[in-house]
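First the structure, in the form of structure tokens, and then the observations on it.
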Amino acid sequence: MIIINSEKKPGEFGLPKADVRCIDATKEAFDVIGRDIVNTAMLGAFAAFTGEISKESIIDAVKEHFPGKIAQKNVELVERVYEMAKNSR
């Protein structure tokens, strides 16, 4: 599986044999945290697309790693992108 931070559709990348998933993490990061920092957004997408890690474990790590309001915004970003990815299937 290839997860791409893009507003494009998976078929636009010309990779017919790959399982391509797209999420516009940049837009969501700007909307939620006001900056082009997509790390936590992409983790949310990874969790939703693969099931290899739980959303809750990412949220716990974010809360442990970031202070106060920064943690709240990143949790919001993870949850938002996770839901978008789950609903895009």
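FYI, it's all coordinate maths here, none of it is from the lab. Since the model is a prediction, treat every value here as computed from it, not as a measurement. Neighbour counts run over all protein chains shown; Cβ positions are idealised from the backbone, glycine included.
What the table below lists for this structure:
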{"read-out": "9 Å beta-carbon shell around residue 26, net charge (K/R +1, D/E -1)", "value": "-3"}
{"read-out": "Debye, to nearest 20: dipole size of the chain, +1 on Lys, Arg Cβ, -1 on Asp, Glu Cβ", "value": "140 debye"}
{"read-out": "10 Å Cβ shell holding at most 15 others, DSSP loop, GluC sites (Glu not before Pro): longest site-free stretch of the chain", "value": "8-51"}
{"read-out": "Sequence-distant residues sharing a close amide H with residue 4 (under 5 Å, placed H)", "value": "21, 22, 23"}
{"read-out": "Karplus (6.51, -1.76, 1.60) ³J(HN,Hα), θ = phi - 60°, over the stretch 57-69, in Hz, Gly and Pro reported as x", "value": "5, 5, 4, 4, 5, 4, 5, 6, 8, 9, x, x, 5"}
{"read-out": "Charge-dipole axis of the chain as Lys and Arg at +1 and Asp and Glu at -1 on Cβ define it, positive-most pick from 88, 14, 47", "value": "14"}
{"read-out": "Where only alpha carbons of the chain are counted, the Rg and the Dmax (Å)", "value": "13.0, 43"}
